[in-house]
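Here the structure comes first, spelled out in structure tokens, and everything after it is commentary.
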Amino acid sequence: MFGYVMICEPEVKRKDYRTYRSYYCGLCRTLKEKYGVFGQMTLSYDMTFLVLLLHSLYEVPTVCNCHRCKTHPVRKQVMRKNEITEYAADMNLILSYYHLLDDWRDERKPGSLAGLHVLGRKVKKAARQYPGKCRVIQKELRFLRKQEQAGSMHIDEVSGCFGRLMAELFVYKKDRWEQDLRRLGFFLGKFIYLMDAYEDLEKDKKEGNYNPLLTLSRRQDYEEQCRRMLCMMAAECSEAFEKLPCLENVEILRNILYAGVWNHYNKLQEERKRSQSK
């Protein structure tokens, strides 16, 4: 359910893309340093957006270094890190752990169990630092699991669980920006959940898995309704973002919110057009 909040590379300047990659690589490096290779494997574009957003808002001091890695063994990569990167790495690990736990409880996936054993000891340290956020994550995932097990087709309710979860992650401090950050995270979380359901619909139908869009998909105006819901969520995200006094990397952030979050949707539409033309 991750990987939707990413940059739209064709519509961004090269220097801005390099800056974006430096924060992504910085988060990757931080995950490895704090939690090892397995922690590094939880890296997501969604948390990279969070790093960029919170850094732009709070303007914390940033360290810029160059390192080689397994993905780029020849050429050193620029890596930007700061206290926000540390926070995002912790949230990335905690969220990944509880997501694996949810998968294991629901589907008994062997891979999920293996991941839990690997990350279990590592996540305890991060969880002790953020007990309140862990309680919210567990509570919302538990409620979401109950809704899914009951086969709920109440789209607003089930997507709201993930929205509230993301809202909690977006609140870095209890200050004047808390409500706008919480609102941004809430609607972005709903967008992610709906986009994931939209992308997985056909697979879920074949495999008999739960999908909140199943009932809606039987309507003739299904595509129109899905796009309308996604547009509403994206618009709410953007409105909340524009209330924040972000200056640094603001064009990158707008690229992600206005274009990048639609990467998967646009790709799906193109694939369908190609399959229909054959």
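Coordinate-derived values only; no laboratory data. For clarity, every value in this text was computed on a predicted model and none was experimentally measured. In this analysis, Cβ positions are derived from the backbone assuming ideal geometry, glycine residues included, and neighbour counts consider all displayed protein chains.
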Worksheet item: Do any of K81/K124; K205/K273; K173/K267; K32/K124; K76/K124 go past 25 Å between their Cα atoms, and which?
Response: K173/K267; K76/K124
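On full extension of the chain, what length is gained from A235 through E9, given 0.36 nm per residue of separation minus the C-alpha to C-alpha distance?
On the way: separation 226, 0.36 × 226 = 81.36 nm, distance 2.08 nm.
Result for the pair: 79.3 nm of gain on full extension.
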Response to the item:
Sparse-neighbourhood loop hits (trypsin sites (Lys or Arg not before Pro), segment 121-207; DSSP loop; Cβ within 10 Å at most 13 others) -> K173, K174, R176
Item to complete: Just grab the label-to-label distance for K203 and K243, each label 7 Å out from Cα along the Cβ direction, in nm (one decimal).
Response: 3.5
Worksheet entry | Karplus (6.51, -1.76, 1.60) ³J(HN,Hα), θ = phi - 60°, over segment 231-245, in Hz, Gly and Pro reported as x | 5, 5, 5, 5, 5, 5, 4, 5, 4, 5, 4, 5, 7, 8, x
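For the chain, what does -39500 (n - 2.57) per DSSP helix run (n ≥ 4), summed and divided by total residues, give at 222 nm, in deg cm²/dmol to the nearest 500?
Values: 10 runs with 196 residues, N = 278.
Counting only the DSSP helices, I get -24000 deg cm²/dmol.
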Fill in: Restricting segment 10-92 to GluC sites (Glu not before Pro) in coil, as DSSP defines it, with at most 16 other Cβ within 10 Å
E59
Item to complete: Take every Cα pair under 8 Å in segment 130-244 that's 6+ residues apart, average their separations, divide by the length, and report that relative contact order as a whole percent.
Response: 28
Worksheet item: Rounded to the nearest 0.05, what FRET efficiency do K174 and H67 have when you use their Cβ-Cβ distance and R0 = 25 Å?
Response: 0.15
Discussion item. Quick query: amide H of V5 versus all other amide H atoms, modeled in the peptide plane; which residues come in under 5 Å with a sequence gap of 5 or more or a different chain?
Written reply: D46
Item to complete: Please list, or write none, the aspartates and glutamates whose alpha carbon is within less than 18 Å of the alpha carbon of K133, excluding same-chain residues fewer than 8 places away.
Response: D46, E83, E86, D90, D102, E168, D175, E178, D180
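Out of the chymotrypsin sites (Phe, Trp or Tyr not before Pro) in segment 193-278, which ones are loop residues according to DSSP with at most 11 other C-beta atoms within 10 Å?
Details: sites: Y193, Y198, Y210, Y222, F241, Y258, W262, Y265; in loops: Y210.
Nothing satisfies the criteria.
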Practice prompt. Have a look at G39, G208, G160 and tell me which one the Gaussian network model of the chain (Cα, springs below 10 Å) gives the largest fluctuation.
Written response: G208
